Amino acid sequence: MIDYDKAFETAVKAVQTEGRYRVFADLERICGRFPKAKYHPGNDEASREITVWCSNDYLGMGQHPAVVEAMQKAAGEVGAGAGGTRNIAGTTHYHVRLERALADLHQKEAALLFTSGYVANEATLATIARILPDCIILSDELNHASMIEGIRGGRSVKRIWRHNDLEHLEELLIELPTDRPKVIAFESVYSMDGDIAPLSEICALAKKYNAFTYLDEVHAVGLYGARGGGIAERDDVLDQIDIIEGTLGKAFGVMGGYIAASAAIVDAIRSYASGFIFTTALSPVLVAGALASVEVLKTSNDLREKHQERAERLKTVLAEADLPVMPSVSHIVPIKVGEPVLCKKVTDYLLQRHDIYVQPINYPTVPKGTERLRLTPTPLHDDGLMDTLRGALDDAWTALKLSRAA
């Protein structure tokens, strides 16, 4: 007899042995008091208030009054669910309005909603490979898992170029026939290291070698550019990117993913992508909240400026405390630990001793040996919270005898 449960237990034990088994903290966010949340330890222990330092709700928009009000209003007017897939019963007026708003945000002709940024990447990249005959995709080596899965699913030829290495990218482009379809797939802000791709230079290479550009902006939309259109807007290359992919679950604070492109491209993806066609549509309640968030952030440069200021201050505060802050040119503040077991120990220490929640970042999210904490300050993390974090981290590094070399 085959012991199926044993196979799964063995798989989990392997992850535990490597020190990268993930334990989810049972949290309950406190509306109106972000980044505060209730932590439920379990084992009959009473819940207690903690401070969240690792949320991708980068601007706190998940609790913005305009967003919450829009969702409540939509629930009262149309109910909870969309009623089915977009092809059957799930296209509501909220979906149409949000797609128009996203197209406008990125200065494109059209946009298309997906249930998540992961699904948007996976479905779109796989569909591109099927639509473009004999396509070859050139993928940055640090692209997100969703992009990797989409490229794999499309079964096209792929080439991996060294991270942000323009010379290597051009070497690969030179080798390809001029009449062969080429797709350069890359991100703007890489969320684990906090570095930013050289968009203008990549676009120049794409033009030189007649390549199609696919840009993942999930960690940049809402945060960069005059209206929150991302790094492509900030660097004035929106017109040079063929497809921009984004999320509604990070800076916009709700849930969902999308692409923005020409009307022809969007229509083709809508017509061929299984990840779109066969998935129940986002709830109009979520879509209403996302729409409100997008519209607020189109004019809220004060939030973006405060966000950048907070990130820079945190980097300075932690560096002055001789903590191993890794280099970052974005809003991401990584602190190197370098070992999975210790990474989990330090996050447990912070939660148990200081009521600070940070999730350990281990393999396969980052390469082995680069395990880290990933801090994401928001406009709502004030100086007092930063000073408390600095003291807590200094205590943890001393108590656990961690290396302070970044």
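The values are calculated or read from the model by the stated rules, or taken from the named source; none is laboratory data. Remember, it's a predicted structure, so these values are computed and weren't measured experimentally. When we count neighbours, we look across all protein chains shown, and the Cβ atoms used for this are built from the backbone with ideal geometry, even at glycine. Keep in mind that these areas ignore ligands, DNA and RNA; they rest on the heavy atoms of the full protein, side chains included. Shrake-Rupley method; radii C 1.70, N 1.55, O 1.52, S 1.80 Å.
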Check: Tell me, what is the 1.4 Å probe accessible area of residue 23, in Å² to the nearest 10?
Finding: 80
Notebook entry, point to check: Gain in length, residue 168 to residue 48, computed as 0.36 nm per residue apart minus the alpha-carbon separation, to one decimal in nm?
Noted result: 38.1 nm
Margin query: Can you compute 3J(HN,Hα) from phi for each residue in segment 152-166, using the Karplus curve 6.51 cos²θ - 1.76 cosθ + 1.60 with θ = phi - 60°, rounded to whole Hz and x for Gly and Pro?
Written below: 5, x, x, 6, 8, 5, 10, 10, 9, 9, 4, 3, 6, 9, 5
Next item on the list: For residue 257, enumerate residues with amide H under 5 Å from its amide H, sequence gap 5+ or separate chain, H modeled in the peptide plane.
Entry: 114, 115, 116, 117, 248
Next item on the list: Would you mind counting up the charge near residue 70? Only other residues with Cβ under 12 Å from its Cβ, with Lys and Arg at +1 and Asp and Glu at -1.
Entry: -1
Checklist line | Length-normalised contact order for segment 176-258 - Cα pairs under 8 Å, 6+ apart - percent | finding: 26
Check: Can you give the longest stretch of the chain with no exposed loop site, where a site means chymotrypsin sites (Phe, Trp or Tyr not before Pro) in a DSSP loop (not H, G, I, E or B) with at most 13 other C-beta atoms within 10 Å?
Finding: 25-277
Notebook entry, point to check: Nearest 10 degrees, 0 to 90: what angle lies between the long axis of helix 117-131 and the longest principal axis of the chain (Cα atoms)?
Noted result: 30
Checklist line | C-alpha long axis of helix 65-78 to longest principal axis of the chain, angle in ° | finding: 60
Notebook entry, point to check: Stretch residue 395-residue 7 to full length: gain in nm at 0.36 nm per residue minus the Cα-Cα span?
Noted result: 135.6 nm
Margin query: List the residues, sorted by chain then number, that are 5 or more residues from residue 212 or on another chain and whose placed amide H is less than 5 Å from its amide H.
Written below: 182, 183, 184
Next item on the list: Determine the dipole magnitude for the chain: charges of +1 sit on the beta-carbon of Lys and Arg, -1 on that of Asp and Glu, nothing else is charged, the reference point is the Cα centre, and the result goes in debye to the nearest 20.
Entry: 540
Checklist line | For segment 82-185, fraction of C-alpha pairs farther apart than 24 Å, in % | finding: 38
Notebook entry, point to check: Lys/Arg Cβ at +1, Asp/Glu Cβ at -1, dipole of the chain taken about the Cα centre: which of 153, 166, 377 is farthest positive-ward?
Noted result: 153
Check: Which whole-Hz couplings ³J(HN,Hα) result when phi for each residue of segment 256-265 is put into the Karplus expression 6.51 cos²θ - 1.76 cosθ + 1.60, θ = phi - 60°, listed in order with x for Gly and Pro?
Finding: x, x, 6, 10, 10, 6, 5, 4, 5, 5
Next item on the list: Have a look at 265, 225, 46 and report the one farthest towards the positive end of the charge dipole of the chain, computed about the Cα centre with Cβ charges (Lys/Arg +1, Asp/Glu -1).
Entry: 46
Note to self: What's the magnitude of the charge dipole for segment 251-406 around its Cα centre, counting Lys and Arg as +1 and Asp and Glu as -1 at the beta-carbon? Answer in Debye, nearest 20.
What the structure shows: 480
Note to self: Which order do the peptides 380-391, 132-143 come out in when sorted by mean C-beta neighbours inside 10 angstrom, highest first?
What the structure shows: 132-143, 380-391
Check: What is the sum of charges around residue 260, taking Lys and Arg as +1, Asp and Glu as -1, for the other residues whose C-beta is under 11 Å from the C-beta of residue 260?
Finding: -4
Next item on the list: Just order 59-71, 171-183 by mean Cβ neighbour count inside 10 Å, highest at the front, would you?
Entry: 59-71, 171-183
Note to self: How large a share of the accessible area of segment 164-267, in percent, is made up of carbon and sulfur atoms when the probe is 1.4 Å and the other protein chains stay in place?
What the structure shows: 49
Notebook entry, point to check: Of 182/208; 315/336; 306/336; 38/73, which pairs sit farther than 22 Å apart, going by alpha carbon to alpha carbon?
Noted result: 306/336; 38/73
Margin query: Under the rule of at least 5 residues apart or a separate chain, name every residue whose amide H is placed under 5 Å from the amide H of residue 158.
Written below: 137
Item checked: Average accessible surface area per residue within segment 64-153, 1.4 Å rolling probe, Å² -> 45
Checklist line | Rounded to 10°, Cα long-axis angle of helix 301-320 versus longest principal axis of the chain | finding: 50
Next item on the list: Sort out for me the Cα centre separation of segment 261-296 from segment 99-171, rounded to whole Å.
Entry: 16
